[in-house]
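The structure under discussion appears below in the form of structure tokens.
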Amino acid sequence: MVNRARQNFIFHGNGSGAFGKGTPFGAGDDSTIDVVAADLDGDGDPDLVLANRDGGANTIHWNDGGSFERVSGYGTGSDETRGVAVGDVDGDGALDIVTANIGESNAVYFGDGSGGFDRSMPFGRDDDESYAVHLADLDLDGDADIVVANVRARNAVYFNQGGEPPALHEFRFGCADCSTYGLGLGDLNGDGFPDIVTANSGAPNGLFANVTAGRD
Ligand SMILES: [Ca+2]
Ligand SMILES: [Ca+2]
Ligand SMILES: [Ca+2]
Ligand SMILES: [Ca+2]
């Protein structure tokens, strides 16, 4: 559980639906707004990737036998990240981090598989305020595509065109004056292609059936 301007916690399940007393991690005043658990250094245990707001740098908390005290920063510090996703965007077998930002362009941080993230790539429009990001292979061509939720602008899918770094083809969807703060992806109509659900503020939520996949 991540908290804004308060301590984050891990609640360990006992396997039967109960969760014990939380174990704190991170600084007491972290303004964390999103977290993903994924094994970024390939040592077999999940690490924690945090998006921090209010001027805080984003952080990776490395799993050392259940302790998460070893921390690395990523991002620019002024990106004001609101959402984070993890997946293999460039298809090299190593997990990458994708951030949805409101202070700068969105970005992909390419992992080297052992915990390094030396290469990065901005994407999207400078003036988009992006609040959530998810990855899925929307066109079923074998690579991860990126879905971004925007506030006061249309949302966007970035179809992965391959290459190193990968070329991303932008496809906008949703209404221009809507504010989408959350996304869900899943195959809602059972045709095999992932569909998109948007959580909107001040407007009805949206369901976008995937009919563009495979057309470009
Ligand atoms: Ca790990
Ligand atoms: Ca990768
Ligand atoms: Ca794809
Ligand atoms: Ca579908």
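What follows draws every value from the coordinates through simple rules; no lab data is involved. These figures come from a predicted structure and were not determined experimentally. Positions of Cβ are backbone-derived with ideal geometry, glycine not excepted, and every protein chain shown enters the neighbour counts.
Points worth noting:
- If you go through the stretch 35-62 and pick out every residue that is hydrophobic (A, V, I, L, M, F, W, C), more than 10 Å from ligand 1 (Cβ to nearest atom) and either within 14 Å of V98 (Cα to Cα) or touching a residue at least 24 places away in the same chain (Cβ under 8 Å) (or both), you end up with 5.
- Only one of G42, G13, G28 that is exposed (fewer than 12 other Cβ atoms within 10 Å of the Cβ), out of contact with any strand residue (DSSP E or B) (no Cβ under 7 Å at 6 or more places or on another chain) and not aliphatic (A, V, I, L, M): G28
- Among the conditions (1) in contact (Cβ under 8 Å) with a residue 60 or more places away in the chain; (2) of a type in the set (A, V, I, L, M, F, W, C); (3) in a strand (DSSP E or B), V89 misses just one, which is (3).
- Filtered residues of the stretch 96-119 (kept if aliphatic (A, V, I, L, M) and within 19 Å of E164 (Cα to Cα)): I97, V98, A107, V108
- Within the stretch 16-25, restricting attention to residues that are touching a Gly at 6+ places or on another chain (Cβ under 9 Å) and not hydrophobic (A, V, I, L, M, F, W, C), the residue that is surrounded by the fewest Cβ atoms within 10 Å (Cβ to Cβ) is G20.
- Residue satisfying all of: in the stretch 173-197; touching an Asp or Glu at 6+ places or on another chain (Cβ under 7 Å) and part of a loop (DSSP other than H, G, I, E, B); nearest to ligand 2 (Cβ to nearest atom) among these: P194
- Scanning the stretch 63-110 for residues that are within 27 Å of H12 (Cβ to Cβ), away from ligand 1 (no atom under 15 Å from the Cβ) and surrounded by fewer than 17 Cβ atoms within 10 Å (Cβ to Cβ) returns a single hit, G73.
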